[in-house]
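> Encoded as structure tokens, here's the structure I'll be asking about.
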Amino acid sequence: MRAASGDIVFISSDGNYSSFVFTYGESRVVTMQLGQVERLLAEQLTHNGADFIRIGKSLIINRNFISYINLPKQQLVLSDGHSTSHSLTASKEALKQLKELIEKGLNK
């Protein structure tokens, strides 16, 4: 099955490996550092590249799936509104910056 960029919920990394998690429940691991993935997304997805936001050192999320940000618990919930839901942990600072970015975008 070939995935579209809109199917990517988030990408997490562990060293030289990055895991892509998709809306249809599958995940794929590639041998690329997250910085390489981030550059590839920016180069290949001119319009949809803006949908992806780097959160901290090891996480890129698709802004279209942000459901809930809980700063005190350092929790980020990504959901497609139906069956897919992922609860992720990130630093308070990273989540604070994400929240500010979203609020800034809403005020435009």
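Computed from the coordinates by the stated procedures, all read-outs in this text should not be read as laboratory data. What you see is a predicted model; the values in this text were computed from it and never measured. No Cβ is skipped: glycine too gets one built from the backbone with ideal geometry, and neighbour counts run over all protein chains shown.
> Calculate how steeply helix 92-106 sits against the longest principal axis of the alpha-carbon atoms of the chain, using the helix alpha-carbon long axis, and give the answer as 0 to 90 degrees to the nearest 10.
The angle comes out near 80 degrees.
> State the label only: which of (1) 35, 29, 28; (2) 54, 29, 22; (3) 59, 29, 21 corresponds to Cα extents along the principal axes in Å computed from the shown model?
(1)
> Quick one: net charge of V77's neighbours, Cβ under 15 Å, K/R +1, D/E -1?
+2
> Could you give the angle, 0 to 90 degrees to the nearest 10, between helix 34-44's Cα long axis and the longest principal axis of the Cα atoms of the chain?
80 degrees
> Roughly what would the spin-label model give for T84 and L101, points 7 Å off Cα along C-beta, in nm?
Going by the 7 Å Cα→Cβ label model, 1.9 nm.
> With each pseudo-label sitting 7 Å past Cα toward Cβ, what's the Q75-N16 distance in nm, one decimal?
Simple spin-label model gives 3.6 nm for this pair.
> Using a Gaussian network for the chain with springs between C-alpha atoms less than 10 Å apart, which of these wobbles most: I11, I60, I69?
Checking each option, the largest mean-square fluctuation is seen for I69.
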